[in-house]
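Engineer: If you scroll down you'll find the structure; I have some questions about it.
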Amino acid sequence: MKKMLLILWASAICLFVGVSCSSSASLPGTDEEHAYDALQRAADWNEIVQRYQQSPPQSLACRKVAQLAMFHLGRAGREAVYECLSDSHDVLTTETAALMMSDVYMQLGFVAMAQRAAFEGMVNVLDVKRNERALRRLTETALVMGQYELALKYISIVEDNFSSSEWVQTMRPMAMNPELIMQHPVFGKLRVEYEKQKDQFFL
Amino acid sequence: MRNLCLVVVGLLLLHGCSRQPTDVVDVDRLPALYPDYIGVTVPVDIAPLNFSMLSDSVSAIDVEVAGAKGTSLHVSGDYADFDVDEWHSLLAASRGDSLRVSVCALKDGQWTRYRDFGIYVSLDSIGAWGITYRRVAPGYEMYGPMGLYQRCLGTFEETALFENGRINGECVNCHTANATNPDQYVFHARGDHGATIVCREGNFDALQSKNDSLGGAMVYPYWHPGGRYVAFSTNKTSQMFHLSGPKRIEVYDSSSDVFVFDTETNTILKDTLIMKKYWAENTPVFSPDGRWLYFTTARRQVYPTDYDKEKYSLCRVSFDAQTGRIGQTVDTLVNAAITGKSVTWPRPSYDDRYIMYAQVDYGYFSVWHPEADLWLLDLETGQSRPLDEVNSSRAESLPRWSATSRWFLFTSRRDDGLYTRLYFASIDEQGRATKPFMLPQQNPKNYYRRLLDSYNTPDFTARPVATDAGELTRLLMSDERTETYLTIQNP
């Protein structure tokens, strides 16, 4: 479970990809999920733990985020990360839960799980203009996993629908020149970890 | 004077924006197009093969298409956008002959003329008004907007047959007509309002979505040519995801069987010969004369650990439409124990000459298998061969024959590795296929790049499907369900 070490730096990915996207408030999900999602995207681990301890959330995804927060704060050990990775099927109850879990998996370095969750988060929303976050995550996971044509497709859709020129200018060169991925501070490391990862199954 | 200045400025602007090739540089290579229509064979009744240059750096193209008898088309702009009527006139004049396509492209202010290429206009019509398919985002567990659609092959017009927004977003799938006849079809709706819809000459029946005695739902359908029977599989399907490597997901059945449904008596005709306990029968299809029921079967494995040991053979058993009974002997046409591979989605040509199928390393859910290729079994010789003329390094799947058996379509993920697109090819008397062409769109590069749906369960349709979506909605949202009965042969 070396992947856990990734958390020390990969949490930066939330700041890299997340904050400039629209919030999940317009996506299907519970109020609780929207609140926890906003907090995890802001990396406000203290507030998450405080809320969790005051009143444990109903949503399984929110409870996973709380585990991650406790790990971040050093208030839980490896078992918290294992807890985050379990129930990968049952946790995807709503689009917001799916995108929130995609963030969690990405932070932990499990790119295929992050991609799967992002897919689930996208398919139920007809309006592409509400899908920027999922499209960005799908782009990022496609880059890490070597799916460059897909990455270019998603980049084009983001470019057409959102004001994301800075993000596009970062992503498109990597999709067109994959050797640049290794030079990226987050995606390069995720790529190294992904390629070292032994194939296993998750549900 | 002011007006003169405006005219001069206007002329200068016009010149600067001119898309007529000037100072053209000739190169001895073919243009890289999207879609790749170079050297394809098309039916005379196909929609215009509009295309773009593959490179986004190209700002304009100028295209001349010369047909037979002095006919030609000339277009210029962001992409080649042919007028539908002029295109059809050109193809009609060039039937059995080749079109010669000349392409000039403007990039970084420089026009380049590429080597001309040909498009062959077949003598064989495609023999169908259009196609039907499901468009669905390639999700896994959750699903959103999806629908069953039809598309005229002579134009770009797509219309919805039934969209799942009508039934609270539940899944709709497996629309299957009887040999391209739009008056007879089945499809499934899942979820709270689930049913298997059977349409015969405009009359709908909504069958119970699940039958307890069947042990599951009706899944992959195929009509008997007589129109009374439909063969189905019933499958308990699971999926699991790869953490790394080239495959994303494994879809497998922990069990499956094949049976025949009698639409006149609403009876499920089970026979233990095709519902063996330790075997997974699947993907049934009838021969065009209705005398044979083809299906695939694999010895069941321990799931999920031995999922990649599940290899399906292609088999057949006789079928008597008078009695609705299958025969006593199962023949094996393609033996997985010999090939070491797995057969899925067999489709007999309507002239009873071939069976086309997808071959994968294991399992049957070929759309998630990059190694999936189309194969052609010659029923006269019993020999199978890979259809190298149409296969790619990515998943080919779901072959379907036109009613004339001279054309077929299939799905492929060759475009970007994930989103399945539709391709068409013709096949000659010797069983040789032509280079496939992608389903034409008005602006294909723009359309396919932005399309987040896959094409699923496509087929030809002889005429437009006249579905009453309102009545279907009412029926599905109601509690009206036709009870099904069960008989078991060789219990």
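Where a number appears in this text, it was derived from the coordinates with a stated rule and is not lab data. This structure is a prediction, so every number in the text was calculated from the model and none was measured. Every residue, glycine as well, gets a Cβ built from its backbone with ideal geometry; the counts of neighbours run over all protein chains shown.
Engineer: Simple spin-label model, 7 Å along Cα-to-Cβ: residue B:303 to residue A:58 in nm?
Structural biologist: Taking the two extended label points, one gets 3.3 nm.
Engineer: Determine the shielding of peptide A:95-102 by partner chains: average, over its residues, the number of Cβ atoms on other chains within 10 angstrom of each Cβ.
Structural biologist: Details: counts 2, 0, 0, 3, 0, 0, 0, 0.
That works out to 1 on average.
Engineer: With the calculation restricted to Cα positions, what are the radius of gyration and Dmax of region B:375-443 in angstrom?
Structural biologist: Expressed in Å, the Cα Rg and Dmax of region B:375-443 come to 12.6, 43.
Engineer: About the Cα centre of region B:22-121, how large is the charge dipole given +1 on each Lys and Arg Cβ and -1 on each Asp and Glu Cβ? Please answer in debye to the nearest 20.
Structural biologist: Dipole magnitude for region B:22-121 comes out near 340 debye.
Engineer: Here is a further query. Per 10 Å bin from zero, what fraction in whole % of the C-alpha pairs of region B:27-92 is there, up to the bin with the longest pair?
Structural biologist: The calculated distribution, bin by bin, is 19, 54, 25, 2.
Engineer: Taking beta carbons within 10 Å but only from partner chains, what does the mean come to for residues B:233-241? Before the final figure, lay out the partial values.
Structural biologist: Details: counts 0, 0, 0, 0, 0, 1, 3, 5, 10.
Mean number of neighbouring Cβ atoms from other chains: 2.
Engineer: Measure off 7 Å from each Cα along the Cα-to-Cβ vector at residue B:240 and residue A:127, then give the distance between these two points in nanometres to one decimal.
Structural biologist: 4.0 nm
Engineer: Just tell me how shielded A:110-120 is by partners: mean number of partner chain Cβ atoms within 10 Å of each residue's Cβ, no decimals.
Structural biologist: Whole-number average of other-chain Cβ neighbours for A:110-120 is 3.
Engineer: How would A:195, B:371, B:429 line up from fewest to most surrounding beta-carbon atoms within 10 angstrom?
Structural biologist: If I rank by nearby Cβ atoms, fewest first, I get B:429, A:195, B:371.
Engineer: Hey, any idea what Rg/Rh is for region B:336-459, computing Rh the Kirkwood way over Cα pairs?
Structural biologist: 0.97
Engineer: Mind giving me the FRET efficiency for residue B:108 and residue A:73? R0 is 45 Å, r the Cβ-Cβ distance, nearest 0.05 is fine.
Structural biologist: 0.25
Engineer: Sticking with this one: Dividing the Cα radius of gyration by the Kirkwood radius, what Rg/Rh value follows for region B:428-491?
Structural biologist: Taking Rg over the Kirkwood Rh, I get 1.16.
Engineer: For the residues B:210, B:445, what sequence is obtained by ranking on other C-beta atoms within 10 Å, fewest first?
Structural biologist: B:210, B:445
Engineer: DSSP H helices in chain B with Cα extent of 18 Å or more along the helix axis and mean Kyte-Doolittle hydropathy at least 1.0?
Structural biologist: Qualifying helices: B:2-16.
Engineer: Sticking with this structure for a sec: Which FRET efficiency value, to the nearest 0.05, do you get for residue A:38 and residue A:159 by plugging their Cβ-Cβ distance into 1/(1 + (r/R0)^6) with R0 = 22 Å? Kindly include the intermediate steps, with their values, before the conclusion.
Structural biologist: Values: r = 26 Å, r/R0 = 1.17.
Computed FRET efficiency for residue A:38 and residue A:159: 0.30.
Engineer: Let me ask something else. With 10 angstrom as the radius, rank A:176, B:218 by how many other C-beta atoms surround their C-beta, starting from the fewest.
Structural biologist: The order, fewest Cβ neighbours first, is A:176, B:218.
Engineer: Right, here's the next one. Need one number: the % of Cα-Cα pairs in region A:100-184 sitting beyond the 17 Å mark.
Structural biologist: 44 percent
Engineer: Further question on the same structure: Order these peptides, B:330-341, A:38-49, by their mean beta-carbon neighbour count within 10 angstrom, highest first.
Structural biologist: A:38-49, B:330-341
Engineer: I would also like to ask the following. Using square roots of five times the C-alpha gyration tensor eigenvalues, list the equivalent-ellipsoid semi-axes of region B:147-191 in whole Å, biggest first. Write out the running numbers ahead of the final one.
Structural biologist: Working: eigenvalues 85, 46, 8 Å².
Output for region B:147-191: semi-axes of 21, 15, 6 Å.
Engineer: For all pairs of alpha-carbon atoms in chain B, what percent lies in each bin of width 10 Å, listed from the first bin to the last filled one?
Structural biologist: Over chain B, the share of Cα pairs per 10 Å bin runs 4, 18, 28, 24, 14, 7, 3, 1, 0, 0 percent.
Engineer: Using a cut-off of 24 Å between alpha-carbon atoms, which lysines can reach residue B:341, once sequence neighbours fewer than 8 places away in the same chain are excluded?
Structural biologist: Straight-distance partners of residue B:341: B:236, B:247, B:276, B:277, B:309, B:311.
Engineer: Translational D (Stokes-Einstein, µm²/s) of region B:204-353 at 37 °C and 0.692 mPa s when Rh comes from the Kirkwood sum over C-alpha pairs? Could the numbers behind the result be given before it?
Structural biologist: On the way: Rh = 16.1 Å.
It diffuses with D of about 203 µm²/s by this estimate.
Engineer: Okay, moving on. Would you work out which of A:181, A:163, A:88 lies farthest towards the positive end of the dipole of chain A, given +1 charges on the beta-carbon of Lys and Arg and -1 on that of Asp and Glu, about the Cα centre?
Structural biologist: With unit charges placed on the Cβ atoms, the residue in question is A:181.
Engineer: Across region A:44-157, how large is the tail of the calculated P(r) beyond 20 Å, expressed as a percent of all Cα pairs?
Structural biologist: Percent of Cα pairs beyond 20 Å in region A:44-157: 43.
Engineer: I'd like the projected area of the protein assembly as shown, averaged over all directions, using the convex hull of its alpha carbons. Report it in nm² with one decimal.
Structural biologist: 35.8 nm²
Engineer: Separate question: Could you go through region B:107-124 in sequence order and give the Karplus-derived ³J(HN,Hα) for each residue, using 6.51 cos²θ - 1.76 cosθ + 1.60 with θ = phi - 60°, rounded to whole Hz, and x for Gly and Pro?
Structural biologist: Residue by residue, region B:107-124 yields 9, 6, x, 10, 7, 10, 9, 9, 5, 5, 9, x, 10, 8, 9, 5, 6, 8 Hz.
Engineer: Using a simple spin-label model with points 7 Å from Cα along the Cα→Cβ vector, what separation in nm is obtained for residue B:23 and residue B:289?
Structural biologist: My value for the distance between the label points is 7.0 nm.
Engineer: Something else now. Nearest 0.05, what FRET efficiency do residue A:199 and residue B:278 give at R0 = 30 Å with Cβ-Cβ as r?
Structural biologist: Working from the Cβ atoms, E equals 0.60.
Engineer: Looking at region B:297-348 from every direction and averaging, what is the projected area of its Cα convex hull in nm²?
Structural biologist: Working: hull surface 19.0 nm².
Taking a quarter of the hull surface, the average projection is 4.8 nm².
Engineer: Give me the orientation-averaged projected area of the Cα convex hull of region A:3-195, in nm², one decimal. Display every interim value, and only then the final one.
Structural biologist: Details: hull surface 38.7 nm².
Mean projected area for region A:3-195: 9.7 nm², to one decimal.
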